[in-house]
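Working notes, beginning with the structure itself.
Any read-out appearing in this document is the output of simple, stated calculations on the displayed coordinates, not a laboratory observation. The structure displayed is predicted, hence computed values, not measured ones. Positions of Cβ are backbone-derived with ideal geometry, glycine not excepted, and every protein chain shown enters the neighbour counts.
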Amino acid sequence: MHLKTLTLLSEKYPTKAYYPFNLPVFHETRSIGFRSPVTFFVGENGTGKSTLLRALCQKCGIHIWQGVQGRRVENNPYEEALYMFINVEWCNGRVPGSFFGSETFRDFAQYLDEWAVADPEMLKYFGGKSLITQSHGQSFMTLFKARYRIKGLYFMDEPETALSPKSQLELLKVIKDMGEAGHAQFIIATHSPILLACPGAVIMSFDDIPVREVGYEETEHYLIYNSFMKDKSRYLRNL
């Protein structure tokens, strides 16, 4: 365990009119504690789980790879400001780590390829292959298996994107093994009932206000998938 607690300083928010400060969950949730090497954030899209994940990552001093942002019709000056209103408590001092988001992964892989032109030895760390030349799922797993062997704090935003169920099981094993080894801590936003089944993991639901811990079989992800598999004809009739 590396990160112990995050605290939201809602009394200091600069606005209540703009996202993410207009979300009730960030006003009603005071703190979230981390007591397991693997913590999942779950909830419907728009509940704030990925937003808090990114803000926490920024607060912990971990870089988020991303390309140049395009122009927008309407600009939100507070969109990336949540991290400034979070306090974090470490167990034994700050540790390095990384952020994984499928939409930013291509930027990282491209930078890595450019660096490898000058120093091809860099690719040995990633199995000796360019991440760009591998399939999306293969390149994800190559990165996961290499990076998570290193002591650190790891943030993942919906890593199941572009992963087959078999690859999700493979990632589940990586997360479980590295967490149990005692050097890696994972905080993951996900919709995957496969990943959520990680033994010993804590699941925090953003569908509840304030955020609360729930059991695996309480999650909507499990309930919907389980119900669908048992009686898919009922769902298909209602399409």
- Compute the length gained on full extension between Thr7 and Leu169: take 0.36 nm times their separation in residues and subtract their Cα-Cα distance, giving the result in nm to one decimal. 55.1 nm
- Query: Based on the mean of other beta carbon atoms within 10 Å per residue, what is the order of 193-204, 18-29, most packed first?
  - Reply: 193-204, 18-29
- Query: So what's the net charge close to Val211: Lys and Arg +1, Asp and Glu -1, counting the other residues with Cβ under 12 Å from its Cβ?
  - Reply: -1
- Task: Convert each backbone phi in the stretch 50-63 into a coupling constant with the Karplus relation 6.51 cos²θ - 1.76 cosθ + 1.60 (shift: θ = phi - 60°), then list the ³J(HN,Hα) values in order as whole Hz, x for Gly and Pro.
- Result: 6, 5, 5, 4, 5, 5, 5, 4, 4, 5, 7, x, 9, 6
- Query: Roughly speaking, what is the centre-to-centre gap between the stretch 175-192 and the stretch 3-51 when only Cα atoms are used, to the nearest Å?
  - Reply: 20
- How large are Rg and Dmax for the stretch 187-239 when only the alpha carbon atoms are used, in Å? 12.9, 38
- Karplus 3J(HN,Hα) series, Hz, for the stretch 81-90 with 6.51 cos²θ - 1.76 cosθ + 1.60 (x for Gly, Pro): 9, 4, 4, 6, 10, 10, 10, 10, 10, 8
- Prolate/oblate/rounded call for the stretch 1-104, Cα gyration tensor, a/c under 1.5 rounded: oblate
- Message: Show me the ranking of peptides 215-226, 166-177 by mean Cβ neighbours inside 10 Å, starting with the highest.
- Response: 166-177, 215-226
- Item | Calculated FRET efficiency for the pair Phe228/Glu180, C-beta based, R₀ 45 Å, to 0.05 | 0.90
- Note on the structure: Distance in nm between Tyr216 and Ala146 label points, each 7 Å along Cα→Cβ, equals 3.1
- Message: Sorting check: for 86-95, 48-57, which peptide has the highest mean count of neighbouring beta carbons within 10 Å, and how do the rest follow?
- Response: 48-57, 86-95
